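Worksheet: one structure, shown below.
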Amino acid sequence: MLAAFLQQLRSASGMTRSLFIYWRPGRQQGLKRLYRPFIQPGDVAFDIGAHLGDRSAAFHALGARVVALEPQPSLVKWFKRLLNRPGITLLPLAAGPQPGFADIAISVANPTLSTLASEWRSRIGARNPGFRQVQWEEQLRVEVTTLDQLIATYGEPSFIKIDVEGFEAEVLMGLNHPVAALSVEFVAGMLEVSHACVAQLSRLGDYRFNAIAGEQRRFRWKHWQSPEALIKWLGDGADGLASGDIYACRSDHHLLNTPDSHL
């Protein structure tokens, strides 16, 4: 009884912290500035690992038709409370290399942390100090779809955000369309996941890359990087960053021809 109460308390505390981080005043304005070069009114945008929906909100504000995936029931409830809007489709699914079912591990104290990547989960605590205290107390069987299936149903997106705690490369394995632009999370200690993401994207088409540190909203480089340059940056330790996001633009993307538009 006491254990259950303490677990509920930890979950509530973690949710409160996440709500502050992702929905603090002023954050949406910065996100809209970041994503404006990628999303035009009427575009489709995918939010894979939507969590509490802050990125979905920014996509929607820019005029996109949003398809958001979030397999955690508790986060689905919060998402609906925060973003019950026409033009946003929330699916209680995960994404992966093929359709089916998989087990997702959830951190009760950090409810926005959940992963289908068992090897990533077993190693990240030892390799990244920021994850050293994370415990994965819950496990849930969830339905899995693929990016290809989502595209077949909802249309090709102008942008895909993928934040799935070490499962990013597997999500990209379910994509066979060289979409215009996307982002994938990277985390120190498991940069081999990012290497695999670059390899998957290079298999699909000719992409250029940039990066953003942590929850910042400014690109690291003025000029977008080749796959080889990004691989070297990752191999050198990604400037010691604890985490962030790698952005990929197809070589014909208009952003690559207007370098100042994203600054």
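Taking the criterion of being free of Cβ contacts under 8 Å to residues at least 60 places away in the same chain, over 11 Å from residue 94 (Cβ atoms) and part of a loop (DSSP other than H, G, I, E, B), the residues of region 118-146 that qualify are 132, 133, 134, 135, 136. Among the residues of region 93-133 satisfying the criterion of being farther than 30 Å from residue 178 by Cβ and touching a helix residue (DSSP H, G or I) at 6+ places or on another chain (Cβ under 6 Å), which is modelled with the highest pLDDT? Taking the candidates together, the pick is 105. Among the residues of region 36-69, those that are without any contact (Cβ under 8 Å) to a residue 60 or more places away in the chain and in contact with a Gly (Cβ under 7 Å, 6 or more places away or on another chain) comprise 41, 42, 60, 63, 66, 68. Could you say whether any residue in region 159-169 is within 17 Å of residue 250 (Cα to Cα) and either of a type in the set (A, V, I, L, M) or out of contact with any helix residue (DSSP H, G or I) (no Cβ under 9 Å at 6 or more places or on another chain) (or both)? Yes; the residues of region 159-169 include at least one that is within 17 Å of residue 250 (Cα to Cα) and either of a type in the set (A, V, I, L, M) or out of contact with any helix residue (DSSP H, G or I) (no Cβ under 9 Å at 6 or more places or on another chain) (or both). Can you find even one residue in region 247-263 that is under 23 Å from residue 39 (Cα atoms), modelled with pLDDT under 95, surrounded by fewer than 11 Cβ atoms within 10 Å (Cβ to Cβ) and hydrophobic (A, V, I, L, M, F, W, C)? Yes; the residues of region 247-263 include at least one that is under 23 Å from residue 39 (Cα atoms), modelled with pLDDT under 95, surrounded by fewer than 11 Cβ atoms within 10 Å (Cβ to Cβ) and hydrophobic (A, V, I, L, M, F, W, C).
Scanning region 102-136 for residues that are open to solvent by 30 Å² or more (accessible area, probe 1.4 Å) and touching a strand residue (DSSP E or B) at 6+ places or on another chain (Cβ under 6 Å) turns up 103, 116, 121, 136. Kindly list the number of the only condition in (1) crowded, with 21+ Cβ neighbours inside 10 Å; (2) over 18 Å from residue 121 (Cβ atoms) that fails for residue 194. Here residue 194 meets the rest and fails (2).
Listed by first and then second residue, the pairs linking a residue in region 200-215 that is among the aliphatic types (A, V, I, L, M) to a residue that is open to solvent by 20 Å² or more (accessible area, probe 1.4 Å) and in a loop (DSSP other than H, G, I, E, B), with Cβ atoms under 7 Å apart and 6 or more places separating them unless they lie on different chains, are 204/178; 211/220; 212/218; 212/220; 213/220; 213/241.
Scan region 42-83 for residues that are closer than 19 Å to residue 249 by Cα, of a type outside the set (A, V, I, L, M, F, W, C) and open to solvent by 10 Å² or more (accessible area, probe 1.4 Å) and the total you get is 2.
The values are calculated or read from the model by the stated rules, or taken from the named source; none is laboratory data. None of these values were measured; they are calculated from a predicted model. Heads up, the Cβs are rebuilt from the backbone with ideal geometry, glycines too, and the neighbour counts pull from every protein chain shown. Heads up: the accessible areas ignore ligands, DNA and RNA and are worked out on the full protein's heavy atoms, side chains in. Shrake-Rupley method; radii C 1.70, N 1.55, O 1.52, S 1.80 Å.
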